[in-house]
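**Student:** Below is the structure I would like to discuss, written out as structure tokens.
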Amino acid sequence: AQSVTQPDIHITVSEGASLELRCNYSYGATPYLFWYVQSPGQGLQLLLKYFSGDTLVQGIKGFEAEFKRSQSSFNLRKPSVHWSDAAEYFCAVAIQGAQKLVFGQGTRLTINP
Amino acid sequence: KAGVTQTPRYLIKTRGQQVTLSCSPISGHRSVSWYQQTPGQGLQFLFEYFSETQRNKGNFPGRFSGRQFSNSRSEMNVSTLELGDSALYLCASSLDIFGGEQFFGPGTRLTVL
């Protein structure tokens, strides 16, 4: 069965600093990969997705992620964080052709002013 | 275009009762999935519907059930509520069933006393 690991439960960075959130997945083939963000009391908003092709994908709000097949990773990056980026971030995988998302445990991001 | 709507937003029930949650997908979307979010278990897939048919079901007891109507609206039902059913229940819709982007609603916060 596929699984997703987000090793960092909580990360604190200063405003303006760069950010990298880690995500590793376990799946026999190349899955569809997603990063979602959730603000308190809200649903999930899709930041970016990878289906195939270029392994560096650009998303909304200045985020990007890189798919590395050899490391089974899909890390999320942002060159300069803003206070409004404080939220919980979820990495997810889906089997190609299915709508079932398997989520990681999430990484809570705190921004220091 | 209106997003995914879920009603009610908040619900308080007592153990042993049953509850029905409703989800209206984005207009034109035919696939609806449900997820349960708790602090301990994170985000877990409940079920997925497409064209009024359940395509996938997560690892939840039979007390959890759902259905989809001809207009793609979906309901989920939890019978004989337990304290552990307290959670945020999220609904997501997508155009089709081929692993595309899922759009999430704001969720229904269920508290079981």
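**Student:** Given the structure, is A:Val81 touching a Pro at 6+ places or on another chain (Cβ under 7 Å), surrounded by 14 or more Cβ atoms within 10 Å (Cβ to Cβ), among the β-branched types (Val, Ile, Thr) and under 26 Å from B:Leu88 (Cβ atoms)? Let's see the steps before the verdict.
**Tutor:** On the way: touching a Pro at 6+ places or on another chain (Cβ under 7 Å): no; surrounded by 14 or more Cβ atoms within 10 Å (Cβ to Cβ): yes; among the β-branched types (Val, Ile, Thr): yes; under 26 Å from B:Leu88 (Cβ atoms): yes.
Criteria not met by A:Val81.
**Student:** Report yes if B:Ser74 is among the polar types (S, T, N, Q), at the interface with chain A (Cβ under 9 Å from one of its Cβ atoms) and open to solvent by less than 20 Å² (accessible area, probe 1.4 Å), otherwise no.
**Tutor:** Details: among the polar types (S, T, N, Q): yes; at the interface with chain A (Cβ under 9 Å from one of its Cβ atoms): no; open to solvent by less than 20 Å² (accessible area, probe 1.4 Å): yes.
The answer is no for B:Ser74.
**Student:** Shifting gears a bit: Within the range A:39-96, how many residues are at the interface with another protein chain (Cβ under 10 Å from one of its Cβ atoms), in contact (Cβ under 8 Å) with a residue 60 or more places away in the chain and either of a type in the set (Asp, Glu) or closer than 22 Å to A:Glu15 by Cα (or both)?
**Tutor:** 1
**Student:** Open to solvent by 60 Å² or more (accessible area, probe 1.4 Å) and either touching a Phe, Trp or Tyr at 6+ places or on another chain (Cβ under 9 Å) or at negative phi (or both), is that true of A:Lys68?
**Tutor:** Values: open to solvent by 60 Å² or more (accessible area, probe 1.4 Å): yes; either touching a Phe, Trp or Tyr at 6+ places or on another chain (Cβ under 9 Å) or at negative phi (or both): yes.
Spelling it out, A:Lys68 is indeed open to solvent by 60 Å² or more (accessible area, probe 1.4 Å) and either touching a Phe, Trp or Tyr at 6+ places or on another chain (Cβ under 9 Å) or at negative phi (or both).
**Student:** Pick out the one residue from B:Leu21, B:Leu43 that is within 11 Å of another protein chain (Cβ to nearest Cβ), open to solvent by less than 30 Å² (accessible area, probe 1.4 Å) and part of a strand (DSSP E or B). Quick ask: steps written out before the conclusion?
**Tutor:** Details: B:Leu21 fails: within 11 Å of another protein chain (Cβ to nearest Cβ).
Checking each option against the conditions leaves just B:Leu43.
**Student:** If I ask for residues that are charged (D, E, K, R) and surrounded by 11 or more Cβ atoms within 10 Å (Cβ to Cβ), which ones from the range A:49-65 would you list? Talk me through it step by step, then tell me what you get.
**Tutor:** Start the filter on the range A:49-65 by keeping residues that are charged (D, E, K, R), which leaves A:49, A:54, A:61, A:64.
Within the range A:49-65, A:Lys49, A:Lys61, A:Glu64 qualify.
**Student:** Out of everything in the range B:92-103 that is within 9 Å of another protein chain (Cβ to nearest Cβ) and assigned to a strand (DSSP E or B), what residue ends up being surrounded by the most Cβ atoms within 10 Å (Cβ to Cβ)?
**Tutor:** Among residues in the range B:92-103 that are within 9 Å of another protein chain (Cβ to nearest Cβ) and assigned to a strand (DSSP E or B), the one surrounded by the most Cβ atoms within 10 Å (Cβ to Cβ) is B:Ala92.
**Student:** Next question, about the same structure. What number of residues in the range A:97-113 are within 14 Å of chain B (Cβ to nearest Cβ), in contact (Cβ under 8 Å) with a residue 60 or more places away in the chain and not aromatic (Phe, Trp, Tyr)?
**Tutor:** Narrowing the range A:97-113 to residues within 14 Å of chain B (Cβ to nearest Cβ): A:97-108.
Restricting the remaining residues to those that are in contact (Cβ under 8 Å) with a residue 60 or more places away in the chain gives A:101-108.
From what is left, the residues that are not aromatic (Phe, Trp, Tyr) are A:101-102, A:104-108.
Number satisfying all stated conditions: 7.
Residue by residue, here is whether (1) in a strand (DSSP E or B); (2) more than 10 Å from chain A (Cβ to nearest Cβ); (3) surrounded by fewer than 17 Cβ atoms within 10 Å (Cβ to Cβ); (4) out of contact with any strand residue (DSSP E or B) (no Cβ under 9 Å at 6 or more places or on another chain) holds:
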residue	(1), (2), (3), (4)
B:Val32	yes, no, no, no
B:Pro61	no, yes, yes, yes
B:Gly66	yes, yes, no, no
B:Ser70	no, yes, yes, yes
B:Leu90	yes, no, no, no
B:Leu110	yes, yes, no, no
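The values are calculated or read from the model by the stated rules, or taken from the named source; none is laboratory data. Not measured: the values here are computed from a predicted model. We place every Cβ from the backbone using ideal geometry, glycine too, and count neighbours over all the protein chains shown. Calculation scope for accessible area: heavy atoms of the full protein, side chains included, ligands and nucleic acids excluded. Shrake-Rupley method; radii C 1.70, N 1.55, O 1.52, S 1.80 Å.
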